[in-house]
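Structure first, commentary second.
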Amino acid sequence: MKRSSTHAEELKLRLMTIELLQAAKQHYTYRELSSKTGLPVTVLSRYAKGHVLPNTERARTLWKILKKLVGLEAELGRKIRFNKNGYFDNTWIVGDFNILRQAASHALNTFAGRRVTIILTAAVDGIPLATMVADSLGVNLVIAKRNKEVGVPAFLEETYVLSNSGVTMTLYVPKNALKRRDSVLIVDDMIKTGETQAALINIIQRARAEVAGVYSLIAIGDDWRERITLPKGCPIEVVTKVRPK
């Protein structure tokens, strides 16, 4: 069983390396990639077109090089552009399949060995990422929504006030969606103030389930950390941080 598991992990690494190479082709020519990797153009072309897979040793070497060029953090850095008012449009992040796929693999590696039975996110921008992560981990997805749905008999709900606005927000989760024995990973595309994530934590605790951790692509500043209280040893994984404008 252990040998089979190792073989599967090696195969996944080889496939992920090909995906990263295909992503690199969007920004670099084969000649440029050949210069950076030390591999012939013909070999890189065969890999990128899926004609052949690199062996495990070569895949590890390629992965390390390509990750610096077009890894998840590098790709996010290319997409984040603030406007004059200090805001940025995350449309091209939450809709970028390459970023979502890399993020799902990153989440899988980050939380490997931890018990996760449910992915929880808040509607709406976090849904694409949460869906990919749930698929990667092989668990179900629960979405906290801003309105009650007809046909759901009972809800877990949490109301909170948005910072500096005086506006209240309520999140609703079907009561039977989270069970006492669940270990719930909160996934979101972005952490701004931490209030949404804190509300999701409260919903999990109200269900008497366990918080497995928090995973986010982007965090704005560090003030949000004051609002998110997690059990001891419970990780918060943020791929990239940006300074508030």
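The values are calculated or read from the model by the stated rules, or taken from the named source; none is laboratory data. This structure is a prediction, so every number in the text was calculated from the model and none was measured. Cβ: placed from backbone, ideal geometry, glycine included. Neighbour counts: every protein chain shown.
Based on what the data block shows, is Arg227 in the same structural domain as Ala144 (by TED's automatic domain parsing), among the charged types (D, E, K, R), at pLDDT 95 or above and over 13 Å from Thr121 (Cα atoms)?
Values: in the same structural domain as Ala144 (by TED's automatic domain parsing): yes; among the charged types (D, E, K, R): yes; at pLDDT 95 or above: no; over 13 Å from Thr121 (Cα atoms): yes.
For Arg227, the condition - in the same structural domain as Ala144 (by TED's automatic domain parsing), among the charged types (D, E, K, R), at pLDDT 95 or above and over 13 Å from Thr121 (Cα atoms) - is not met.
Does Leu15 fit the bill of being out of contact with any His (no Cβ under 9 Å at 6 or more places or on another chain), of a type in the set (A, V, I, L, M), over 24 Å from Met190 (Cβ atoms) and modelled with pLDDT under 90?
Criteria met by Leu15.
Here are some residues: Leu66, Leu100, Leu72. Which one is modelled with pLDDT under 95, closer than 30 Å to Thr29 by Cβ and in contact with a Pro (Cβ under 8 Å, 6 or more places away or on another chain)?
Testing whether each residue is modelled with pLDDT under 95, closer than 30 Å to Thr29 by Cβ and in contact with a Pro (Cβ under 8 Å, 6 or more places away or on another chain) leaves just Leu100.
What residue, of Val173, Val211, is in contact with a Leu (Cβ under 8 Å, 6 or more places away or on another chain), free of Cβ contacts under 8 Å to residues at least 40 places away in the same chain and under 22 Å from Gly138 (Cα atoms)?
Result: Val211 is the single residue among Val173, Val211 that is in contact with a Leu (Cβ under 8 Å, 6 or more places away or on another chain), free of Cβ contacts under 8 Å to residues at least 40 places away in the same chain and under 22 Å from Gly138 (Cα atoms).
Looking at Val116, Val124, Val133, Val150, which is the one that is crowded, with 20+ Cβ neighbours inside 10 Å, part of a loop (DSSP other than H, G, I, E, B) and modelled with pLDDT of 90 or more?
Val116
Among the candidates Lys12, Lys36, Lys79, Lys68, which residue alone is closer than 30 Å to Pro244 by Cα, charged (D, E, K, R) and surrounded by 12 or more Cβ atoms within 10 Å (Cβ to Cβ)?
Lys79
Counting only residues that are over 24 Å from Gly77 (Cα atoms), assigned to a helix (DSSP H, G or I) and of a type in the set (D, E, K, R), how many does the stretch 32-50 have?
Looking only at that region, the number is 1.
Rundown of residues vs (1) touching a Lys or Arg at 6+ places or on another chain (Cβ under 8 Å); (2) of a type in the set (Asp, Glu); (3) modelled with pLDDT under 95; (4) not assigned by TED's automatic domain parsing to the domain that holds Pro235, yes/no style:
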{"residue": "Gly166", "(1), (2), (3), (4)": "no, no, yes, no"}
{"residue": "Thr170", "(1), (2), (3), (4)": "yes, no, no, no"}
{"residue": "Ser183", "(1), (2), (3), (4)": "yes, no, no, no"}
{"residue": "Leu200", "(1), (2), (3), (4)": "no, no, no, no"}
{"residue": "Gln205", "(1), (2), (3), (4)": "no, no, no, no"}
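So which of Val173, Val187 ends up being buried (at least 20 other Cβ atoms within 10 Å of the Cβ), in contact with a helix residue (DSSP H, G or I) (Cβ under 6 Å, 6 or more places away or on another chain) and farther than 30 Å from Gly77 by Cβ? Walk me through it before giving the result.
Numbers: Val187 fails: farther than 30 Å from Gly77 by Cβ.
Going through Val173, Val187 in turn, the sole match is Val173.
Out of curiosity, is Leu141 crowded, with 17+ Cβ neighbours inside 10 Å and not small (Gly, Ala, Ser)?
In short, yes.
Could you grab me the full set of residues in the stretch 36-57 that are basic (Lys, Arg) and free of Cβ contacts under 8 Å to residues at least 12 places away in the same chain? So that I can check it myself, show each step before the final result.
Taking the stretch 36-57 and keeping what is basic (Lys, Arg), we get 36, 46, 49.
Arg46, Lys49, listed by residue number.
Is it the case that Leu53 is among the hydrophobic types (A, V, I, L, M, F, W, C) and part of a helix (DSSP H, G or I)?
It is false that Leu53 is among the hydrophobic types (A, V, I, L, M, F, W, C) and part of a helix (DSSP H, G or I).
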